[in-house]
Amino acid sequence: MRNGWVEIEEGESKLLIPKVEAPEEGEVFYHPEQALARDMSILFYKSYDYEVLDAFGGTGARAVRLAKNGVKVTSNDISDRAVNLIQKNAKLNGVDIDVIHNRAEKTIHSQLWEAIDIDPFGSPVSWVHCGLLNSKKLLAVTATDTAALSGTYPRVARRRYGFHSKRTPNYHEIAVRALAGFVVRQGAVIEVAATPVFAHTYRHYTRVYFELGKGAGRCDQLLDQMGDSNEVGPIWMGNLWKKSLVEKMWKNRESVTMGSKWTLKHLETIKGELEFPQPYFHLHKLCKSMQITSPPMAAVLKAVNGVRTHFTPLGFRTELSETKVKQELKRLTSS
Ligand SMILES: C[S@@+](CC[C@H](N)C(=O)[O-])C[C@H]1O[C@@H](n2cnc3c(N)ncnc32)[C@H](O)[C@@H]1O
């Protein structure tokens with residue numbers, strides 16, 4: 001390793017991480033901002049009782065934290081430095097992790113797994129098909145090519161994810177729905193029903209979790225929930241969250257030490273927004289398009305009987321149509 005190691009703490013775990021100021025492309029490094037995503041994955045996997053293949057292990061941060069929280073985990077990475085680090089971190093924390101040094105696609109195909117976690121750099125599209133083929137119960141997929149998913153690069157979106165895109169005010173949610181829709185369609189091709197059960201974004205990090213089942217009929221029911229939003233599509237327009245699962249995750253918080261101070265805030269907001277089927281509205285962008293000044297969020301939420309969204313502090317969800325929302329915003333600004 002270029003500059004050696006440094007020991008840090010995340011949640012309940014100690015982690016040795018590379019002491020690297022500016023990582024080179026593809027180099028193993030520790031991303032503190034992703035502690036929130038790791039917290040969520042602990043809360044998620046603790047809600048089931050399956051062994052997880054962490055197919056892109058990196059520093060071992062996710063695998064070690066899962067193992068410390070009682071989840072059985074196998075961690076894989078293509079890089080010998082990463083594999084070495086995962087082993088070191090497992091030892092440092094006194095946990096037992098099976099570590100594999102291979103390409104993710106080879107490890108994924110080597111057997112049937114109960115749960116597969118796909119967390120590469122950039123786009124996950126190359127591994128979704130093999131993940132769907134080789135996981136029996138759960139699949140989690142991360143994308144950090146958010147610009148492609150959220151309308152900045154429509155050609156890349158069409159090529160990579162197969163949907164028509166443009167930049168919309170609620171692009172964070174569109175990115176999640178586009179990623180979910182891609183996995184649902186890839187599953188349908190091989191008659192694997194991949195039902196989205198949990199999703200979140202934080203900065204440029206987009207992540208969706210799926211429960212997997214079998215059968216053409218179930219796939220057809222999922223495909224019926226694909227659609228368009230604001231001329232962007234086809235994307236997943238069904239539920240992003242399974243209520244009973246989110247409740248379990250919320251309960252699990254009692255026994256998990258969070259690595260990020262934002263995790264529970266996000267999860268609590270998700271608990272409030274999960275039953276609103278329509279994508280969120282962005283207060284400032286909507287008001288700007290109407291050439292009015294934004295009223296305070298609290299007043300807006302009251303007027304539209306709405307809730308906040310974890311996607312952005314400037315977003316809100318409501319059951320009202322856009323026309324009705326605009327009427328309420330006008331009324332608020334003129335009163
Ligand atoms: C974003 S990091 C993983 C972060 C980790 N899951 C965490 O939460 O800390 C991506 C890792 O994928 C590894 N990688 C890239 N391509 C791979 C491939 N084809 N097979 C296996 N590992 C790969 C890299 O070496 C890197 O360690």
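The values are calculated or read from the model by the stated rules, or taken from the named source; none is laboratory data. Quick caveat: nothing in here was measured; it's all calculated off a predicted structure. Every residue, glycine among them, receives a Cβ derived from its backbone with ideal geometry; neighbour counts consider all protein chains shown. Just the protein is used for accessible areas: all its heavy atoms, side chains included, with ligands, DNA and RNA removed. Shrake-Rupley method; radii C 1.70, N 1.55, O 1.52, S 1.80 Å.
Quick notes on this one:
- Unit Cα scatterers, Debye sum, region 280-334: log10 I(q)/I(0) for q = 0.22, 0.25, 0.28, 0.31 Å⁻¹: -0.74, -0.98, -1.26, -1.56
- The angle between the Cα long axis of helix 322-334 and the main principal axis of the chain comes to about 70°, on a 0 to 90 degree scale.
- Comparing Val300, Val73, Val141 in a Gaussian network model of the chain (Cα springs below 10 Å), the most mobile by mean-square fluctuation is Val300.
- Simple Cβ-charge dipole of the chain, Lys/Arg +1 and Asp/Glu -1, about Cα centre, in debye nearest 20: 860
- 5 angstrom amide H check on Val73, placed H, neighbours 5+ away: Val52, Asp98
- Farthest toward the positive end of the dipole of region 124-246, out of Leu222, Ser165, Thr142, is the Cα of Thr142, where the dipole comes from beta carbon charges about the Cα centre.
- Karplus 3J(HN,Hα) series, Hz, for region 159-168 with 6.51 cos²θ - 1.76 cosθ + 1.60 (x for Gly, Pro): 5, 7, 10, x, 9, 8, 10, 7, 6, 10
- Ligands, DNA and RNA aside, Phe198 has an accessible area near 0 Å² when probed at 1.4 Å.
- Amide H contacts under 5 Å for Ile118: Ala140, Val141, Thr142, restricted to partners 5 or more places along the chain or on a different chain, H placed in the peptide plane at 1.01 Å from N.
- When both region 235-268 and region 23-93 are represented by their alpha-carbon centers, they are found 19 Å apart.
- Lys pairs, region 218-290 - Cα-Cα below 16 angstrom, 8 or more residues apart or on other chains: 8
- In order through region 104-111: 3J(HN,Hα) via Karplus (6.51 cos²θ - 1.76 cosθ + 1.60), integer Hz, x for Gly, Pro: 4, 4, 5, 5, 4, 6, 6, 6
- The order of the peptides 232-238, 105-111 by mean Cβ neighbours within 10 Å, most packed first, is 232-238, 105-111.
- Percent of beta bridges antiparallel (DSSP, region 5-272, rounded to nearest 5): 65
- Between the amide H of Leu314 and any residue lying 5 or more places away or on another chain, no distance stays under 5 Å, with hydrogens modeled in the peptide plane.
- Taking Ser41, Ser321, Ser79 in turn, the Gaussian network model of the chain (Cα-Cα springs below 10 Å) assigns the largest fluctuation to Ser321.
- Furthest towards positive pole of dipole, Thr318, Trp262, Met297, structure part region 243-335, Cβ charges: Met297
- For the chain, modelled as a GNM whose springs connect Cα atoms under 10 angstrom apart, the maximal fluctuation among Leu283, Leu212, Leu320 occurs at Leu320.
- Taking the empirical scaling 2.2 N^0.38 Å for compact globular proteins as reference, region 245-288 has a Cα radius of gyration ratio of 1.51.
- Estimated translational D of the chain in µm²/s (Stokes, Kirkwood radius over Cα pairs; 20 °C; 1.002 mPa s): 103
- If the Kirkwood radius is taken over C-alpha pairs of region 89-246, then at 20 °C and 1.002 mPa s the Stokes-Einstein diffusion coefficient equals 133 µm²/s.
- In Hz, Karplus ³J(HN,Hα) per residue of region 296-312 (6.51, -1.76, 1.60; θ = phi - 60°; x = Gly, Pro): x, 4, 4, 5, 5, 4, 5, 5, 9, 6, x, 9, 7, 10, 6, 5, 7
- Only one residue of Tyr48, Gly60, Tyr280 has its Cα farthest out toward the positive end of the dipole of the chain, where Lys and Arg carry +1 and Asp and Glu -1 on Cβ, and that residue is Tyr280.
- For region 228-335, GluC sites (Glu not before Pro) meeting the loop criterion (DSSP other than H, G, I, E, B) and having at most 13 other Cβ atoms within 10 Å: Glu231, Glu275, Glu319.
- Cross-link reach is defined here as a Cα-Cα straight distance under 18 Å, omitting same-chain residues fewer than 8 places apart; for Lys19 the lysines meeting it are Lys88.
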